[in-house]
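Peer 1: Have a look at this one before I ask anything.
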Amino acid sequence: MAIIDRTGAEVLIPEENAREILQAVPEQSVAMRLMRRLPDMGTKVRNLPVLSSLPMASFVNGDTGLKPTTDMGWDKVILTAEEIATIVVISENVLDDSDYDIWANVRPRLTEAIGAAFDKAVFLGTGAPATFPTALVPGAVAHGNVVTLDDETPLYQQLLGEGGMIAMVEEDGYVPNAYVGAIQMRSKLRGTVDNNGLPIFTRQAPYAQGVRGKAGFELDGSDIFFPPTDVFSEEDAMLLGGDWNQAVWAIRTDITTKLLSEAVITDANGKVLINLAQQDSVALRVVFRAGWALANPVNRYNATAATRYPFAVLKKAAAAGGNDGGEGGGN
C-alpha cells in the first residue's frame, strides 16, 4: 500500500515548523513589534496588576502637626491567549517534486496570515474573541481621542497642534511613541511640505558604514509604520498612535502544527471542501495561541477612566449617511 511516509513529508515535520512560526510571526505583525512583549504564557489566562488609585501627600501643619495617611489601589487586567488557526492543503503531486521547497514557500504566507489576523483584532476588533479587550481604534473613539480629518486645516496642526491627535494622548498622561497608518496616509504625509517645498513628515535615511538606509515617515520624532497587509484602510482610520508601552502581548507556549492526510475538511455548515485521502492531498494545520491586554493606569494628568486612554486616531470625515463608528472586539 502506497503511503506518504516521513521522507515524503520531511519538510512538514511539526516540531521544526512550530519553532519557525514562533520566531517569524512577530516579524509580520505590526502590533507585536510595537507592543511590549511579556514572557510566554504557561496557561491560557494571566492576570496583570494595574494601578487604579494614586497615593496623596500634603504639608504638615507645624512641628507637631498630624501627618496624613494615604492608600493606593490596583485593578487587574486579564490577558487571555486565544487560537489563531489555519489549514494549508498541499497536493501530493507537489510533494513529489523534490526540487520544490514546500516549507520555504508556505511558511511566509502562514506567518503573514497569522500576523494580519492578530493585527486586525488589536487595531479594529475584526474577528476578535470576546476575551480580548476593546480594539485600539474603537477604544480611542469611545474615549473621545479622535480627530476628524479637515481639509481646511493644515495637517500639521491636526496632528501636532493644540487639540490635535498627539495632544489628546498627552493630556491623558501619556506620550505617543509610534504610529500606524493606512496606506492612503502616505500620500498625505508626502504632500505636506514646508515653505521651501520640502516634506515635513519624511525622515531622512540614516547612513551606516557609508551606505544609506531606507527613508521613512515620522511624526514628532517617532516612526510611522504602514502594515504590509490589509490591516485597516482609510475608512477605518487614517492614523493610529499612542503609548505602545501600555499595550502588552504574550504567546502561549504550545504552538502546534500537525500534518493531516486522512481528514475531511468542511465549512461551518458541514459542506465537504476537500477529502484529503480521496483527492490525493495532505494538509498542514497550524494553531498559534496569543493574547494581548491594554493597561490604562491612573495618572496625575487624568484620573478619570472614562476619558483617559493611551491612544488616539485620525479619521476621515464620515460620508453623508455613513457610519463613522468602529468595530470593537471583546468587552
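The values are calculated or read from the model by the stated rules, or taken from the named source; none is laboratory data. All figures in this text were calculated on a predicted structure; none of them were measured in a lab. Every residue, glycine among them, receives a Cβ derived from its backbone with ideal geometry; neighbour counts consider all protein chains shown. In case anyone asks, the SASA skips ligands and DNA or RNA and just uses the protein heavy atoms, side chains included. Shrake-Rupley method; radii C 1.70, N 1.55, O 1.52, S 1.80 Å.
Peer 1: Cβ contacts < 9 Å: first residue within 13 Å of Asn145 (Cβ to Cβ), restricted to the stretch 301-330; second residue surrounded by 11 or more Cβ atoms within 10 Å (Cβ to Cβ) and modelled with pLDDT under 55, any location; separation 6+ or different chain. Result?
Peer 2: Matching pairs, first to second residue: Val313/Gly326; Lys315/Asp324; Lys315/Gly326.
Peer 1: Something else: Say whether the condition of being of a type in the set (Asp, Glu), open to solvent by less than 30 Å² (accessible area, probe 1.4 Å) and under 30 Å from Asp172 (Cβ atoms) is met by at least one residue in the stretch 243-257.
Peer 2: Yes: one or more hits.
Peer 1: Got a sec? Which helices (runs of 4 or more DSSP H) wholly within the stretch 127-192 have at least 2 residues that are farther than 20 Å from Glu234 by Cα?
Peer 2: Qualifying helices (runs of 4 or more DSSP H): 165-170.
Peer 1: Does Asn296 meet the test of being more than 20 Å from the chain's Cα centre (by Cα), open to solvent by less than 60 Å² (accessible area, probe 1.4 Å), at pLDDT below 85 and within 30 Å of Asn145 (Cβ to Cβ)?
Peer 2: no
Conditions tested, residue by residue: (1) open to solvent by less than 70 Å² (accessible area, probe 1.4 Å); (2) hydrophobic (A, V, I, L, M, F, W, C); (3) within 28 Å of Leu314 (Cβ to Cβ); (4) at pLDDT 95 or above.
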| position | (1), (2), (3), (4) |
| --- | --- |
| Asn61 | no, no, no, no |
| Glu83 | no, no, no, no |
| Val94 | yes, yes, no, no |
| Thr131 | yes, no, no, no |
| His143 | yes, no, yes, no |
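Peer 1: Residues in the stretch 162-189 that are touching a helix residue (DSSP H, G or I) at 6+ places or on another chain (Cβ under 7 Å) and without any contact (Cβ under 8 Å) to a residue 40 or more places away in the chain: how many?
Peer 2: Qualifying residue count for the region: 1.
Peer 1: Also, I was wondering about something else. Given the criteria modelled with pLDDT of 80 or more, exposed (fewer than 13 other Cβ atoms within 10 Å of the Cβ) and of a type outside the set (A, V, I, L, M), does Thr153 qualify?
Peer 2: Yes.
Peer 1: Lys258 - would you say it is part of a loop (DSSP other than H, G, I, E, B) and modelled with pLDDT under 90?
Peer 2: It is false that Lys258 is part of a loop (DSSP other than H, G, I, E, B) and modelled with pLDDT under 90.
Peer 1: Tell me yes or no: at least one residue of the stretch 209-229 is touching a residue at least 40 places away in the same chain (Cβ under 8 Å), assigned to a strand (DSSP E or B) and open to solvent by 30 Å² or more (accessible area, probe 1.4 Å).
Peer 2: Among the residues of the stretch 209-229, at least one is touching a residue at least 40 places away in the same chain (Cβ under 8 Å), assigned to a strand (DSSP E or B) and open to solvent by 30 Å² or more (accessible area, probe 1.4 Å), which makes the answer yes.
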